[in-house]
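This report concerns only the one structure given below.
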Amino acid sequence: MTGDSLESLSSAKRLIIKIGSALLTTDKAGELNHAWLAALADDIAKFKQNDAEVIIVSSGAVAVGRQALALADGPLRLEEKQAAAAAGQIGLFHAWQEAFARHEMRTAQILLTPSDTEERRRHLNARNTIETLLSLGAVPVINENDTVATEEIRFGDNDRLAARVAQMIGADGLVLLSDIDGLYSADPSDDKSAEFIPDVTEITADIEAMAGEAAPGNSSGGMVTKIEAAKIATRAGCAVVIADGKEHHSLAAIDGGKRCTWFHATATPSTARKRWIAGALTPSGVLTIDDGAVKALSSGKSLLPAGVVSISGNFERGDAVVIETSEKDRLGCGLIAYSSKDAKLIAGHKTGEIEALLGYRGRDEMMHRDDLVIDG
Ligand code: GLU
């Protein structure tokens with residue numbers, strides 16, 4: 001276990017709670033379990049009072065919509081699933097809104113497709129929107145945009161979607177709430193000798209082999225996708241908890257020590273993000289900066305337009321760009337907040353002049369400190 005990995009839910013600064021369809025609906029398939037939601041909102045309100053930022057990844061659109069559209073039981077065709085999601089998402093989000101309103105918590109709905117988390121430009125936008133909502137004190141409620149997703153480009157399960165969101169926004173905790181209390185050495189429903197695994201510090205092939213088969217029903221998850229999600233998130237610096245959420249106030253119970261499985265993070269979110277920026281990207285331009293900006297960057301500050309002397313290359317907002325000193329020494333690289341065309345217009349100017357120069361109010365920074373890595 002790394003010293004930085006999260007030790008309890010209440011110590012998380014940015015917590016994602018992923019909720020499976022089975023928990024949100026009552027036994028009468030497709031009917032939302034409002035009492036359960038209310039209890040969860042109570043727990044979330046407490047985390048928020050403790051200054052944690054909370055993000056929900058909620059399944060249930062297909063389950064709710066199936067009922068709303070009176071679709072027959074059994075597997076749905078892709079277009080029926082998409083229709084069900086379109087119908088069900090309305091009621092699903094409304095239920096969240098109602099549950100949070102009791103605590104005067106603001107909320108907002110975000111529907112994502114894989115390209116929103118994978119493609120850099122969209123990634124930057126999705127990330128900024130979520131960051132803005134969090135800074136305004138809202139609890140974003142995220143689901144996959146099932147209605148436009150095609151089979152080939154779907155996340156397919158919200159466990160993986162939640163892990164991608166954790167990676168994108170640098171969350172330090174992700175709780176996968178479902179109807180099983182954690183990971184077992186074998187499937188406990190058909191192997192009575194299966195042992196419970198409370199802590200996982202490394203996701204080895206042995207751990208993966210414990211996962212078994214995906215579960216049937218409205219949710220597409222199961223232990224396989226949970227382990228897959230845990231792999232993505234823990235590498236991104238986010239601890240993952242698999243826990244049983246059937247009882248009311250499960251989050252409070254988990255925080256109080258109720259049995260669950262913890263997958264410990266293998267990095268901090270910021271080092272993991274910087275590793276991703278430094279490693280995975282092909283730069284498409286160069287920014288030359290003045291000595292004042294070199295000093296600012298070396299002390300951990302963002303790069304402002306005023307410090308940029310010249311720009312070369314053709315790039316779009318969100319692309320990777322190298323930063324050089326005026327002596328042409330490489331200082332580092334990062335994701336730029338402006339296209340090369342706009343960056344050239346604002347280079348050397350004060351942040352307050354951006355709007356007049358471009359005709360819109362963009363980011364204050366040319367490159368935010370979270371988006372740049374200084375070479376070691
Ligand atoms: N996005 C789907 C829904 O809202 C659920 C996917 C999943 O359960 O993992 O119904």
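Coordinate-derived values only; no laboratory data. Just so it is clear, the model here is predicted, and its values are computed rather than measured. Cβ atoms come from the backbone with ideal geometry, glycine included; neighbour counts cover every protein chain shown.
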Quiz prompt | Where only alpha carbons of region 75-168 are counted, the Rg and the Dmax (Å) | solution = 14.0, 41
Quiz item: What are the ³J(HN,Hα) values, in whole Hz, obtained from phi via the Karplus relation 6.51 cos²θ - 1.76 cosθ + 1.60 with θ = phi - 60°, for each residue of region 176-192 in sequence order, with x given for Gly and Pro?
Solution: 9, 8, 8, 9, 10, 7, x, 8, 10, 5, 8, 5, x, 6, 10, 9, 5
Quiz item: Simple spin-label model, 7 Å along Cα-to-Cβ: S299 to K258 in nm?
Solution: 4.8
Quiz item: Where a Cα-Cα gap under 17 Å defines reach, which lysines qualify for K328, not counting those fewer than 8 residues away within the same chain?
Solution: K295
Practice problem: Quick one, can you get me the convex hull of the C-alpha atoms of region 103-229 expressed as volume per residue in Å³? | Solution: 150
Quiz item: Among the listed pairs K13/K301; K48/K258; K81/K274; K13/K246, which are separated by more than 28 Å between their Cα atoms?
Solution: K81/K274
Practice problem: Would you mind calculating the relative contact order of region 144-274 from Cα pairs under 8 angstrom and at least 6 residues apart, reporting the percent as a whole number? | Solution: 33
Quiz item: Once label points are set 7 Å from the Cα along Cα→Cβ at both L136 and T150, what is their separation, rounded to one decimal in nm?
Solution: 3.4
Exercise. Among DSSP beta bridges lying fully in the chain, give the percent that are antiparallel, nearest 5.
Key: 40
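Decide, for region 226-306, between rounded, prolate and oblate: order the square roots of the alpha carbon gyration tensor eigenvalues as a ≥ b ≥ c, take rounded if a/c falls under 1.5, and otherwise choose prolate if a/b is larger than b/c, else oblate. Walk me through the numbers before you get to the answer.
Working: a/c = 4.14, a/b = 2.61, b/c = 1.59.
It comes out prolate by the Cα gyration axes.
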Practice problem: Project the alpha carbons of the chain onto their principal axes and report the range along each, largest first, in whole Å. | Solution: 68, 43, 40
Quiz prompt | E119/K46 FRET efficiency (R0 30 Å; Cβ-Cβ; nearest 0.05) | solution = 0.25
Quiz prompt | Over the chain: helical MRE at 222 nm, DSSP H runs n ≥ 4 each giving -39500 (n - 2.57), nearest 500 | solution = -11000 deg cm²/dmol
Self-check item: Calculated from backbone phi, Karplus (6.51, -1.76, 1.60) coupling profile of region 31-46 in Hz, x at Gly/Pro
Solution: 8, 6, 8, 5, 5, 5, 4, 4, 5, 5, 4, 4, 5, 5, 4, 5
Quiz item: Amide H to amide H under 5 Å from I55: which residues, 5+ apart in sequence or cross-chain, H placed 1.01 Å off N in plane?
Solution: L15, I16, I17
Quiz item: When the chain is fully extended, how far beyond the present Cα-Cα distance does D179 get from D206, taking 0.36 nm per residue of separation?
Solution: 7.4 nm
Quiz item: What whole number of Å gives the distance from the Cα centroid of region 145-175 to the Cα centroid of region 68-118?
Solution: 14
Exercise. Kindly work out what percent of the DSSP beta bridges joining two residues of region 3-142 are antiparallel, to the nearest 5.
Key: 10
Self-check item: Within region 109-125: backbone nitrogen closer than 19 Å to the R361 label point (7 Å, Cα to C-beta)
Solution: 125
Quiz item: Under 5 Å between amide H atoms, partner at least 5 residues away or on a different chain: which partners does E324 have, H built in plane at 1.01 Å?
Solution: L287, T288, I289, L331
Exercise. Can you tell me how much longer the chain between H103 and A38 gets when fully stretched, taken as 0.36 nm per residue apart minus their C-alpha distance, in nm with one decimal?
Key: 22.4 nm
Self-check item: Mean-position separation - Cα centroids, region 311-376 and region 250-264, in angstrom
Solution: 43
Quiz item: Based on Cβ point charges of +1 for Lys and Arg and -1 for Asp and Glu, what charge dipole magnitude is obtained for the chain about its Cα centre, in debye rounded to the nearest 20?
Solution: 1040
Exercise. State log₁₀ I(q)/I(0) for region 160-311 at q = 0.11, 0.16, 0.21 Å⁻¹ as given by the Debye formula over alpha-carbon point scatterers of equal weight, solvent excluded.
Key: -0.55, -0.88, -1.35
Quiz item: So how compact is region 6-151: Cα radius of gyration and Dmax in angstrom?
Solution: 15.8, 45
